[in-house]
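Enquirer: Before anything else, here's the structure in question.
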Amino acid sequence: MTPDRLRAALEGVPDPDWLAAALRRVAAEPTTIAQFFPAAGRRCGRGELADAPGWTADEAARALLLVALPADHAGHAEALYRDGDAAEKRAVLKALPLLPVGAAGVPLLHDAIRTNDTRLVAAALGPYARHLDPASWRQAVLKCVFAGVPLAAVADLDGRADGELAAMLAALAAERHAAGRELPADATDLLDRLTIREA
């Protein structure tokens with residue numbers, strides 16, 4: 001996803017003038033993002049965006065507000081995440097790949113992955129999760145399996161999955177089988193693919 005695609009997808013929001021004015025203000029006065037960020041859901045709506053699959057209008061508007069900042073994207077992202085509700089936290093996580101923050105947002109991913117909010121876990125495993133070290137990433141994938149987060153939410157799953165993840169999934173499958181339960185179908189499919197690949 002790119003900022004331009006998000007802008008185009010937001011053309012039909014209920015109050016486009018508000019968003020345009022908010023983006024200008026944030027670019028000129030960065031501290032004003034604290035007032036505009038929470039208001040995005042009310043002013044732009046919360047519906048799914050047909051032209052930005054996987055994004056809602058408020059998430060896209062909030063991501064663009066972060067992109068509009070002239071500096072200190074990481075500092076603002078952290079503050080908005082820490083002070084935000086679940087929807088605002090998701091927006092920050094989904095915006096991270098669009099921001100010039102390097103690996104500075106990784107602590108936010110760790111925080112989201114520790115929660116029991118499956119939508120936050122899914123948002124944390126989007127494209128920015130490339131900054132997670134392999135061990136943390138594998139644990140996050142297992143968290144998805146435990147929490148029922150579809151593995152389709154995990155960016156570059158097949159590219160990053162390795163023998164160690166296969167071993168972890170196999171151990172979990174054995175544990176579940178002994179308890180009369182099965183892995184979710186997508187986790188079983190991933191384990192099958194990895195078993196063939198690693199053979």
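Enquirer: Of all GluC sites (Glu not before Pro) in the stretch 99-192, which ones are in loop regions per DSSP and have a Cβ with at most 16 other Cβ atoms within 10 Å?
Expert: Glu182
Enquirer: Just the accessible area per residue of the stretch 1-55, please: how many Å² with a 1.4 Å probe?
Expert: On the way: 3170 Å² over 55 residues.
Per residue, the stretch 1-55 has an accessible area of 58 Å².
Enquirer: I've got another one for you. For the stretch 11-53 and the stretch 138-194, what is the centre-to-centre distance using only Cα atoms, to the nearest Å?
Expert: So the two Cα centres are separated by 37 Å.
Enquirer: Compute the acute angle (0 to 90°) between the alpha-carbon long axis of helix 33-44 and the principal axis of greatest extent of the alpha-carbon atoms of the chain; round to the nearest 10°.
Expert: Roughly 80 degrees between the two axes.
Enquirer: Further question: From largest accessible area down, sort Phe146, Phe37; use a 1.4 Å probe on the protein chains.
Expert: Putting Phe146, Phe37 in descending order of accessible area: Phe146, Phe37.
Enquirer: Can you list the residues, at least 5 places off or on another chain, whose amide H is less than 5 Å from the amide H of Leu10, using H built in the peptide plane?
Expert: Here the answer is none, since no amide H 5 or more places off falls under 5 Å of that of Leu10.
Enquirer: How much of the accessible area of the chain, in percent, comes from carbon and sulfur atoms when a 1.4 Å probe is used?
Expert: Percent of accessible area from carbon and sulfur atoms in the chain: 54.
Enquirer: Additional query: How far, in nm, would the chain grow between Ala147 and Ala50 when pulled straight, counting 0.36 nm per residue and subtracting the alpha carbon separation?
Expert: Computed gain between Ala147 and Ala50 is 32.2 nm.
Enquirer: About its Cα centre, what dipole magnitude does the stretch 13-130 give when the only charges are +1 on Lys and Arg Cβ and -1 on Asp and Glu Cβ, stated in debye to the nearest 20? Provide the component values of the computation, followed by the final result.
Expert: On the way: 13 positive and 14 negative charges, 29 e Å.
Here the stretch 13-130 has a charge dipole of around 140 debye.
Enquirer: Using protein chains only and a probe of 1.4 angstrom, how many square angstrom of Glu59 are accessible, to the nearest 10?
Expert: 10 Å²
Enquirer: Additional query: Could you give me the ³J(HN,Hα) list for the stretch 126-139, computed from phi with Karplus coefficients 6.51, -1.76, 1.60 and θ = phi - 60°, whole Hz, x at Gly and Pro?
Expert: Each residue of the stretch 126-139 in turn: x, x, 5, 5, 4, 7, 6, 5, x, 5, 5, 5, 4, 4 Hz.
Enquirer: Any idea what the dipole of the chain comes to, in debye rounded to 20, about its Cα centre with Lys/Arg Cβ at +1 and Asp/Glu Cβ at -1?
Expert: The dipole magnitude comes to about 240 debye.
Enquirer: Same structure again: Can you work out ³J(HN,Hα) from phi for every residue in the stretch 47-59, in order, using Karplus 6.51 cos²θ - 1.76 cosθ + 1.60 and θ = phi - 60°, giving whole Hz and x for Gly and Pro?
Expert: x, 5, 9, 4, 8, 9, x, x, 10, 9, 4, 5, 5
Enquirer: Here's something else I'd like to know. Counting alpha carbon pairs within less than 8 Å and at least 6 residues apart, what relative contact order, in whole percent, applies to the stretch 68-155?
Expert: 25 percent
Enquirer: Same structure again: Could you work out the relative contact order of the chain, using alpha carbon pairs under 8 angstrom and six or more residues apart, expressed as a whole percent?
Expert: 14 percent
Enquirer: Picking from Ala124, Ala39, Ala63, which is most flexible by a Gaussian network model of the chain using Cα springs under 10 Å?
Expert: Answer for the Gaussian network model of the chain: Ala39.
The values are calculated or read from the model by the stated rules, or taken from the named source; none is laboratory data. A quick note: this is a predicted structure, and the numbers were derived from the prediction, not measured. Neighbour counts run over all protein chains shown; Cβ positions are idealised from the backbone, glycine included. Calculation scope for accessible area: heavy atoms of the full protein, side chains included, ligands and nucleic acids excluded. Shrake-Rupley method; radii C 1.70, N 1.55, O 1.52, S 1.80 Å.
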